[in-house]
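*Asks:* Structure provided below as structure tokens; questions to follow.
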């Protein structure tokens, strides 16, 4: 007797495609483990079809039932697919086939929304926290600050079509922006803060890129599972005279972004 699946939130057309993928007979497990055969099928379906980008998969339990394997076996296949960026697990939401990467152009004088190859209306900004505290060691080094210099720390999430795509932590020397909180509160705009404090324009002077796995706070902010692969960026902005005005750490789900460097 087949088990009742909790699949109300899964598109029925996608479900039928997954059923067809799962219904294929397994090969000799002595030649290739069952979990790797499941991985092969789902990987091929994500890359070449029929699974469409952004589509939601059934839960791990339901997939295990569909493929007639244990949860442990299914989890191994899903974990490998997530580590490679072919699937994305959003905490408390579900498992999704990765979207096509969003293009992000890194340039010396482009604002965040200008740098994304999408309509501005699709991007939303959510402030997670705004506080004053001693500068981090990375900010001290990047901005040339003294130990225990006070900074304004701003954590924000950017969403694209309501999906978290970018988590950033920015540190600003507090003495440069005495009215930061009051100005920022009006429109949640860092550019407005700069304008209010006499900084009419700014430029990117350095960007560094590295890879890693999501820590617990990063995973929570981006609605990912712990240790999902991330792309991390660190950047320094300065005013037009070359004075550093902010240091930022950015985190992107690895498969969600394509970085483009524009030479100036």
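Rule-based calculations on the coordinates, nothing more; no lab input. On a predicted model such as this, the values are computed, not experimentally measured, just so you know. All Cβ positions, glycine included, derive from the backbone under ideal geometry; neighbour counts span all protein chains shown.
*Asks:* For each of 48, 126, count neighbouring Cβ atoms within 10 Å of the residue's Cβ, then give the residues from fewest to most. Present the calculation step by step, with values, prior to reporting the outcome.
*Replies:* Numbers: 48 8, 126 12.
Neighbour counts put them in this order, fewest first: 48, 126.
*Asks:* Using all alpha carbons of the stretch 12-97, what is the percent of pairwise distances in each 5 Å bin, ordered from the shortest bin to the longest?
*Replies:* 3, 15, 28, 30, 17, 5, 1, 0
*Asks:* Considering only C-alpha atoms, what is the centroid distance from the stretch 67-89 to the stretch 166-209, in Å?
*Replies:* 41 Å
*Asks:* Which part of the stretch 219-234 falls in the paramagnetic zone of residue 75, meaning amide N under 16 Å from the point 7 Å along Cα-to-beta-carbon?
*Replies:* 225-228, by backbone N distance to the label point.
*Asks:* Among 131, 136, 256, what is the fewest-to-most ranking by other Cβ atoms within 10 Å? Don't jump to the answer; show the numbers that get you there.
*Replies:* Details: 131 10, 136 16, 256 22.
In order of increasing Cβ crowding within 10 Å: 131, 136, 256.
*Asks:* Would you mind computing, in nm to one decimal, how far apart the modelled labels at residue 124 and residue 53 are, each placed 7 Å from Cα along Cα→Cβ?
*Replies:* Placing both labels 7 Å along Cα→Cβ, they lie 2.2 nm apart.
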